[in-house]
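The next block holds one structure in the form of structure tokens; read it before the comments.
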Amino acid sequence: MMCANRCQQSNGLCNGLLSLLLVSVSLIPSTIFSQEHTIQIDSDTLVQEGVRHIAWSSNEPRWAGDIIIADLNSKVSLKTTKANEQLLGYQTTQIMAENYTNSTRKKVIAAINGDFYKRGGIPVHSQVIDGEILKAPVTRDALAITSEGGFLMGTFDYSASVLHDGRIIALNGLNQARGEHELILYNSYYGDSTKTNAYGFELILKQLSFKPINEAETFVVMEPTDATNGLIPEGHIVLSAHGDRIKDLQSFTAGDTVEITHQLRYSSMAEEVEEDIVHSTYSIVEFMGGSKTFVQSGVVDGNWPERHPRSAIGFNADSTQVYLFTVDGRQEHSVGMTLTEMGQVMKGFGVWYALNLDGGGSTTLILKDKVVNSPSDATGQRWVSNAILLVQEQ
């Protein structure tokens, strides 16, 4: 699924009546009916202009959940953040939201936990923060936010290259252990140093221009080094070569200007996506992984039959509204959902596209610095890898 620009799609009759009701204070129904479920609206609060918080429940099955619905034309935007601002590391969703506000002075209206993660807090998928990429993607679905404010939801292929003196040099990887005969790029999200062994050759490059993913960025070459475990100064990257790839860097001299391009190529083959869209690239400024696009053009396609606490992000048909959705689980008041059940309920609220995020004990929804859902871990909020933020534009 893709919608590269807001309002690009106009098939707004898909649950259009429900969508209209949900953004009108005086007309919101107390109960939402769908073919599968009856959902009770327990509270509906106008957080600020264009942003609502809905608490909902169901008696059978026993569910309780929350939704933040935001009009993307009301001076709000979606951002992503990483625990500790490092590839490694854990923090709670609430702490990440607070740290984002403290570092940027931008107001975080709401936040939801993000991608699944591995040991050390490394996200399973890729992540892009303000146009800077943390790691290469995997073959799972993800959400990308474009520089125009639209979104892409599907799978992505990655490649990266350096343009130096008219020659294009392909990279083997990003922010990962350097293997035999590989050329790897490291940025500050990897840490203070490359952690490489002595059998390589490294270049430090200072960044001169900052561009979104799929656009070339300009760097100037600093002094080459044979140092082990080379430092990564702030505002710089390191190119680290081993074996046969060392010769690719030996023609570089201090003061040379190079261009580096990271490409995340949208590769969804959904039936409604036209050929020119499938084979196009877009300027990507934010990227967050998940497991599956389980609502696609209004069609629910869940693949997770067990009931658990769950988190998801969704959009309406014309991509003017974003939904941050959680359901409690593993507790007396709420048993959790299957992925199909979550899709059916979200569709009832007007969602036309949705991506499954990490769930279980990770499921957390923050509204104005407070947790509004009921995390299932006995200790409360789980320390997770990353988060999606709804931010007030200045």
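The values are calculated or read from the model by the stated rules, or taken from the named source; none is laboratory data. As the structure is a prediction and not an experimental result, all values here were calculated from the model. Virtual Cβ from ideal backbone geometry, glycine too; neighbours counted across all protein chains shown. When the accessible area is computed, the model is the full protein with side chains, heavy atoms only, and any ligands, DNA or RNA have been set aside. Shrake-Rupley method; radii C 1.70, N 1.55, O 1.52, S 1.80 Å.
Things to note:
- Set of lysines near LYS195 by C-alpha distance (under 26 Å), chain-local residues within fewer than 8 positions excluded: LYS82, LYS118, LYS135, LYS206, LYS247
- Loop-located trypsin sites (Lys or Arg not before Pro) across the stretch 314-392 with a Cβ neighbour count of 15 or fewer within 10 Å are LYS368, with loop assigned by DSSP.
- Kirkwood-Stokes translational diffusion coefficient of the stretch 34-74, alpha-carbon pairs, 25 °C, 0.890 mPa s, µm²/s: 218
- Listed by chain and number, the aspartates and glutamates whose C-alpha is less than 12 Å from the C-alpha of LYS107, apart from same-chain residues fewer than 8 away, are GLU98, ASP369, GLU393.
- Partner lysines for LYS347 [C-alpha distance under 20 Å; skip if fewer than 8 residues away on the same chain]: LYS292
- Computed from point charges on the beta carbon alone (+1 for Lys and Arg, -1 for Asp and Glu), the dipole magnitude for the stretch 103-242 about its Cα centre is near 500 Debye.
- Residue ranking by accessible heavy-atom surface, 1.4 Å probe, largest first, among LYS195, LYS106, LYS206 comes out as LYS195, LYS206, LYS106.
- For ALA55, net neighbour charge (Lys/Arg +1, Asp/Glu -1) across residues whose Cβ lies under 14 Å away: -2
- Kirkwood Rh in Å, taken over the stretch 109-198 so that all alpha-carbon pairs contribute: 15.3
- Longest site-free stretch - the chain; sites: GluC sites (Glu not before Pro), DSSP loop, at most 14 other Cβ within 10 Å: 50-147
- Each stretch of four or more DSSP H residues adds -39500 (n - 2.57); spread over every residue of the chain, this sum gives -2500 deg cm²/dmol at 222 nm.
- Dipole magnitude for the chain: about 760 debye, using +1 per Lys or Arg Cβ and -1 per Asp or Glu Cβ, origin at the Cα centre.
- The phi torsions of the stretch 295-311, fed into the Karplus equation with coefficients 6.51, -1.76 and 1.60 and a -60° offset, translate into couplings of 10, 10, 6, x, 9, 8, 9, x, 10, 10, x, 7, 8, 8, x, 9, 10 Hz, rounded to whole numbers, with Gly and Pro shown as x.
- Here the accessible area is traced with a 1.4 Å probe on the protein chains. For the chain, carbon and sulfur cover 49 percent of it.
- Calculated P(r) tail over 18 Å for the stretch 112-159, as whole % of Cα pairs: 28
- For the stretch 161-173, backbone phi angles converted through the Karplus equation (6.51, -1.76, 1.60; θ = phi - 60°) give residue-by-residue couplings of 8, 10, 9, 9, 6, x, 10, 9, 10, 7, 9, 8, x Hz, Gly and Pro being listed as x.
- Neighbour net charge for PRO309 - beta-carbon separation under 12 angstrom, K R +1, D E -1: -1
- Angle between the chain longest axis and helix 93-104 axis [Cα atoms, degrees, rounded to 10]: 60
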